[in-house]
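Working notes for the structure below.
Laboratory data are not the source of any read-out in this text; all were calculated from the coordinates shown. Because the structure is predicted, anything quoted here is derived from the model rather than measured. A quick note on method: Cβ atoms are made from the backbone with ideal geometry, for glycine too, and the neighbour counts reach across all protein chains shown.
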Amino acid sequence: MKEISLNILDIAENSVKAKATLVEITVTETAYTLTLTVKDDGTGMTKDVLLSVTNPFYTTRTTRKVGMGIPLLQFAAEQTGGNIKIESKHFSEYPDEHGTTVTALFYKNHIDFTPLGDVISSVTTLIQGHPETDFLYKHSFSDKTVMLDTREIRAVLEGVPLDTFEVLIWIRDNLREQYDENQ
Amino acid sequence: MKSLAELQAIKDRMKSKVALREGYGEIRVVVGMATCGIAAGARPVLNTLVEEVNNAGLYEKVSVSQTGCIGFCQLEPIVEVIEAGKEKVTYVKMTPEKAKEVVEKHLKGGKVVTEYTVAGAN
Ligand SMILES: Nc1ncnc2c1ncn2[C@@H]1O[C@H](COP(=O)(O)OP(=O)(O)OP(=O)(O)O)[C@@H](O)[C@H]1O
Ligand SMILES: [Mg+2]
């Protein structure tokens, strides 16, 4: 992937596929590191799936034999000297607190660090494709925080769908303005 | 600042609109957004389709949605156009520029852009 924001979009798609109602995307930067966390309350993975998930030949999909999403994130993180960590609780064992958390650590000064890229576009793409799912996006860097919570937006909209074009533009511009203010 | 008050105004406008005119979602445009699609550039293609469909005033007639892997990773980004009573059209190796053209010629004009379809790519 050319940008970490594309990995974010792809990893969050896994959460949606696992029937998450809330997907929390957190990006935390320090001077030298970028940590990405995608946390969901979806079905979770069984122990077998969890063990094999960083193997590119493992997938539960049926159209193609190779799952690439997690291996690509792992590759992107490891090539900067970082790593990924996956925690998951399957609903069969944890009926009340199931879900998955994927964490990736990147070293920003490494020559193979791919930039975060157009993360606003990834957030709006997720909301456009999954207007019923809630997303919490939070990006912290140098004492500043950009944040978007679709639960707040949903409460204001009173039934107007989140994939309404004007709403998507509002979300995009809201995030743009938060980034501009934080420059 | 894009305030919650502005969002409220959007809500009020939407609520007062006459919902679901005839022919709503007559044409379905589906973009493959699995890993292979995303890696190949599906995100800007999707965003261009959403924007251009809206700009062309086609938002009631055309719905743009996302799907998983369509099964031909080397041909991504893939865009399918599905219309009742017509054969499905599959556009391959899409770019934002090609997507604009498809909105203009196919979705608006009713003419398939053959050179961007699977058949045209062969
Ligand atoms: N958030 C999640 N919740 C539950 N299961 C998950 C989650 N993320 C991944 N998985 C499981 O791990 C498998 C591998 O995921 P990965 O993203 O690597 O590939 P994929 O989604 O199957 O295919 P691709 O991402 O290449 O389109 C998935 O098929 C799914 O079974
Ligand atoms: Mg995946």
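Between B:Thr95 and B:Ala9, what is the label-to-label distance in nm when each label sits 7 Å out along the Cα-to-Cβ direction?
Inter-label distance under the simple model: 3.8 nm.
How far apart, in nanometres, would the label points at B:Thr114 and A:Glu132 be if each is projected 7 angstrom from Cα along the Cα-to-Cβ direction?
4.0 nm
Work out Dmax and Rg for chain A from the C-alpha atoms and quote the Rg first, both in angstrom.
In Å, with Rg to one decimal and Dmax whole: 16.5, 47.
Could you bin all the Cα-Cα distances of the stretch A:50-147 into 10 Å bins starting at 0 and give me the percent of pairs in each, rounded to whole numbers?
Answer for the stretch A:50-147: a P(r) of 12, 31, 43, 13, 1 percent.
If you stretched the chain out fully between A:Phe141 and A:Thr30, how much longer would it get, using 0.36 nm times the residue separation minus the C-alpha to C-alpha distance?
Contour length minus the Cα-Cα distance gives 39.3 nm.
Could you compute how fast the protein assembly as shown diffuses translationally, taking Rh as the Kirkwood radius over C-alpha pairs and applying Stokes-Einstein at 25 °C with viscosity 0.890 mPa s? Give it in µm² per second.
D = 120 µm²/s.
How many Cβ atoms of partner chains, on average, are near each residue of A:109-122 if near means within 10 Å of its Cβ? Kindly include the intermediate steps, with their values, before the conclusion.
Numbers: counts 0, 0, 0, 0, 0, 0, 0, 0, 1, 3, 0, 0, 4, 2.
Other-chain Cβ atoms within 10 Å of each residue's Cβ, averaged: 1.
Under a Cβ-only charge scheme (Lys and Arg +1, Asp and Glu -1), can you give me the dipole magnitude of the stretch A:65-183 about the Cα centre, in debye to the nearest 20?
Taking the Cα centre of the stretch A:65-183 as origin, the dipole is about 420 debye.
Could you work out the mean count of beta carbons from other protein chains within 10 Å of each residue's beta carbon in B:10-16?
5
Sort by residue number and report every cysteine in the protein assembly as shown with no other cysteine beta carbon within a distance under 4.7 Å.
Unpaired cysteines in the protein assembly as shown: B:Cys69.
Please state the equivalent ellipsoid semi-axes for chain B: what are the square roots of 5 times the Cα gyration tensor eigenvalues, largest first, in whole Å? Intermediate values should be presented prior to the final figure.
Working: eigenvalues 156, 65, 30 Å².
Those come to 28, 18, 12 Å.
Could you line up A:Ser122, B:Ser63 from fewest to most neighbouring Cβ atoms inside 10 Å?
So the ranking, lowest neighbour count to highest, is B:Ser63, A:Ser122.
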